[in-house]
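Written out below as structure tokens is the structure these notes cover.
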Amino acid sequence: MKLESLRDLLVEQLQDLYDAESRITKALPKMAKAATSPALKAAFEKHLRETEGQVKRLEQVFEALGETAKTKTCKAMQGLIAEGEETMSEDAEPEVLDAALIAAAQRVEHYEMAGYGTVRAYAKLLKQDACVRLLEQTLEEEKATDEALTTLAESTINVEAV
Ligand code: FE
Ligand code: FE
Ligand code: FE
């Protein structure tokens, strides 16, 4: 599709995020299964439930814009998930593997934070207030997940991996 305006770019960026989020819903159960630390497992499971809600929230955003919810392959998320899978297949001590899972997961959260920050800014400029609120909620969940992972890593998991 030809990008003629910021609105077109917003829709395209949302399609990328829609694809990314649906890929994450498939990756998170595997990461929860691979994690040894019960706290890390719980963090992945919690974010899986949030991510399922984020997929639905994106569908609401498309609806508010009068657009059909479509995906555009997110090559970056394909790559981040492929790296995560490589991590899980490595021969590693459980504590070190947990630290590596956090490293992979935080890359995903940062990619999402960049994506949602961008679409929120576009929606704001286009005066799509309902979309701004929905995108803001997801952005806050991604930030909170990133912070929770940092706390978990710094308080216990990285320390145990030493
Ligand atoms: Fe997400
Ligand atoms: Fe992407
Ligand atoms: Fe996330």
* Asked: If Leu135 passes every condition in (1) within 16 Å of ligand 3 (Cβ to nearest atom); (2) among the hydrophobic types (A, V, I, L, M, F, W, C); (3) within 17 Å of Ala35 (Cα to Cα) but one, which one does it miss?
  -> (3)
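Conditions tested, residue by residue: (1) in a helix (DSSP H, G or I); (2) of a type in the set (Lys, Arg); (3) surrounded by fewer than 19 Cβ atoms within 10 Å (Cβ to Cβ).
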position	(1), (2), (3)
Glu109	yes, no, no
Ala121	yes, no, yes
Lys124	yes, yes, yes
Glu142	yes, no, no
Thr145	yes, no, no
Thr150	yes, no, yes
Ile157	yes, no, no
* Counted residues, region 10-50 - those being over 11 Å from the mean Cα position of the chain (by Cα) and within 13 Å of ligand 2 (Cβ to nearest atom) -> 5
* Structure fact -> Scanning region 44-75 residue by residue, those out of contact with any helix residue (DSSP H, G or I) (no Cβ under 6 Å at 6 or more places or on another chain) and of a type in the set (A, V, I, L, M, F, W, C) turn out to be Phe62, Leu65
* What is the residue count in region 1-57 for residues that are of a type in the set (A, V, I, L, M, F, W, C), within 15 Å of Arg120 (Cα to Cα) and touching a residue at least 60 places away in the same chain (Cβ under 8 Å)? -> 5
* **Residue check, Cys131 closer than 18 Å to Val11 by Cβ and either among the basic types (Lys, Arg) or more than 13 Å from the chain's Cα centre (by Cα) (or both)** => yes
* **Which numbered condition Ile157 fails, given (1) within 16 Å of ligand 2 (Cβ to nearest atom); (2) in contact with an Asp or Glu (Cβ under 7 Å, 6 or more places away or on another chain)** => (1)
* **Flag if Glu52 is under 30 Å from Asn158 (Cβ atoms) and in contact with a Pro (Cβ under 9 Å, 6 or more places away or on another chain)** => no
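No value in this document is a laboratory result; all are computed from the given coordinates. This is a predicted model, so every value here is computed, not measured. Reconstructed Cβ throughout: ideal geometry from the backbone, glycine too, with neighbour counts over all protein chains shown.
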